[in-house]
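To start, the structure itself, in structure tokens.
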Amino acid sequence: MEDYTDDRRPVGRRVTPARTAFRRLAESTELGSVTRGQLAVLAQTLPCTGLINGTESHLLTVLVNTAPTEAFSRSGRPIVFKSNRQLAFEVGRSAGRVSRILSRLFDLGLVTMQDSGNYKRYPVRNPHGEIAEGFGVDLRILVARYGELNENVNRARAEKRAKDAAAARYRGALRNVRYALSSLEGCTSVQAIGNRINRVANIVGIPAKATEDKLRRATAVIESCVDRLMLLTSAESNPGEKATHPYASNDKQHESTLPNQLGSNGLPTGTLAATAQRRAGKGHARSVLNQHQQKIRTSAINFDRPVLVGIRDVLRAAPSLTDFGCAPRNWSDLVQVAPFLCRLVGITELVHCSAINQMGRQQAAVAVAITVEKTNRLEVKSPNGYLRGMTKRAAAGELRLSHSVFGLAARSPPREIC
């Protein structure tokens, strides 16, 4: 006859080098530095690190709250003696599920297990009634690793905030560039830029699931596309319009007094200028201002003198125009947005009209852009006085706007243009 041997399953808790190291660390831990409240908060926030899930966090929180407060003092022993059946009732899971969760928490070094001979959990007290030894779930390892785990939680929170900020910036940039694309549908370059934006959006997918690095790179590409859209020439956006000046003839640009450029109050009309006009107050020394506006219309020296720079040079020298949402596509846009820029930094209409009367609208608009940029860089404390000084230097023939533009452009941080 054949001899049959019983092939029994190994009896006892699985022992690994990691579990042994965690048990030794728990036995050498000095209590009293961490309270039960701190451990309860840590147990609730650990899921943000990805170390444990919600159910495991719930069970760990129940274990921490089960131990009395004095158990975490210097003379205490934070050991939980509840059975798996009782813990399962409190967390709403089965006893087998609780047993598996405890084994996983043991493997992760969040709890240690002190087992008795029959796997019962109970305390052993001395003659004075104090717990001398206990068999159950030991929480001393959580006290020993509190600093490390809390640092991981703080790092995860910082990464989440940074990712949320990157996602919000990406959504805003995507919304802005799509609005710009819809407003420039007639341009020849819009289709290529729109295709590139769509490719970037498809690569990113859902912003909440994308990484922070991917979101930042996508935002940089989108913002460069916005800069490219803002730098499109007027000839591309309006094929029938000249790129230099809408009323230029014989290579000489004269000051225009047509009704579609000057309203009844002498201020330029249009989309950007109308917005600035609505924001401005109505009671502003109209009598003196009307005299200057009449002088602008009738003065013999009121010509648009050449600035000897391009509109791209002005944008490179004054990136604040793009930040304020006033990036012009041509000289006409820059002239129209100049009154709004004046109100933005506190330049009065009287000083602006004086600059127009002395320099012409084009040069005055460049001077305003330079003043706004230097004010934004905190190089100018009084924009009104600075523009008045530029007007005086222009009257004396000492103003060199091109030098100021190229000097500011050299000191401006480079911007990527795709």
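The values are calculated or read from the model by the stated rules, or taken from the named source; none is laboratory data. Remember, predicted model here, so these are calculated numbers, not experimental data. For neighbour counting, all protein chains shown are included, and Cβ atoms are generated from backbone atoms with ideal geometry for every residue, glycine included. Just so you know, the surface numbers come from the protein's heavy atoms only, side chains and all, with ligands and any DNA or RNA stripped out. Shrake-Rupley method; radii C 1.70, N 1.55, O 1.52, S 1.80 Å.
Tabulated values for the structure
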{"quantity": "Accessible surface of region 17-150 [probe 1.4 Å, protein heavy atoms]: carbon and sulfur percent", "calculated": "50 percent"}
{"quantity": "Amide H partners (placed H, <5 Å) of residue 135, local residues excluded", "calculated": "122, 124"}
{"quantity": "Charge context of residue 72, other residues only, Cβ under 10 angstrom, K/R +1, D/E -1", "calculated": "+3"}
{"quantity": "Accessible area per residue, Å², region 311-411 with all protein chains present, probe 1.4 Å", "calculated": "38 Å²"}
{"quantity": "Full-extension gain in nm, residue 168 to residue 107, via 0.36 nm per residue minus C-alpha separation", "calculated": "18.2 nm"}
{"quantity": "Among 329-337, 34-42, the order from most to least packed when residues are scored by Cβ within 10 Å on average", "calculated": "329-337, 34-42"}
{"quantity": "Burial ranking of peptide ranges 204-217, 103-116 (average Cβ count within 10 Å, highest at the top)", "calculated": "103-116, 204-217"}
{"quantity": "Local electrostatic count, residue 83, Cβ distance below 12 Å [Lys/Arg +1, Asp/Glu -1]", "calculated": "+3"}
{"quantity": "Alpha-carbon centroid distance for the pair region 351-418 / region 12-77, whole angstrom", "calculated": "66 Å"}
{"quantity": "Per-residue ³J(HN,Hα) for region 56-67, Karplus 6.51 cos²θ - 1.76 cosθ + 1.60, θ = phi - 60°, Hz, x for Gly and Pro", "calculated": "5, 5, 4, 5, 5, 5, 5, 5, 5, 6, 6, 5"}
{"quantity": "Cβ-based net charge around residue 154, under 13 Å, with every Lys or Arg adding one and every Asp or Glu removing one", "calculated": "+1"}
{"quantity": "Per-residue ³J(HN,Hα) for region 332-338, Karplus 6.51 cos²θ - 1.76 cosθ + 1.60, θ = phi - 60°, Hz, x for Gly and Pro", "calculated": "4, 5, 5, 5, 6, 7, 4"}
{"quantity": "Value of Rg/Rh across region 17-150 [Cα atoms, Kirkwood radius]", "calculated": "0.94"}
{"quantity": "Residues of region 159-233: accessible area per residue with a 1.4 Å probe, Å²", "calculated": "58 Å²"}
{"quantity": "Accessible surface, region 34-91, averaged per residue in Å² (probe 1.4 Å)", "calculated": "47 Å²"}
{"quantity": "Ordering of 166-178, 85-97, 338-350 by packing [mean C-beta count within 10 Å, highest first]", "calculated": "338-350, 166-178, 85-97"}
{"quantity": "Cα gyration tensor shape for region 311-411, rounded if a/c is under 1.5, else prolate or oblate", "calculated": "rounded"}
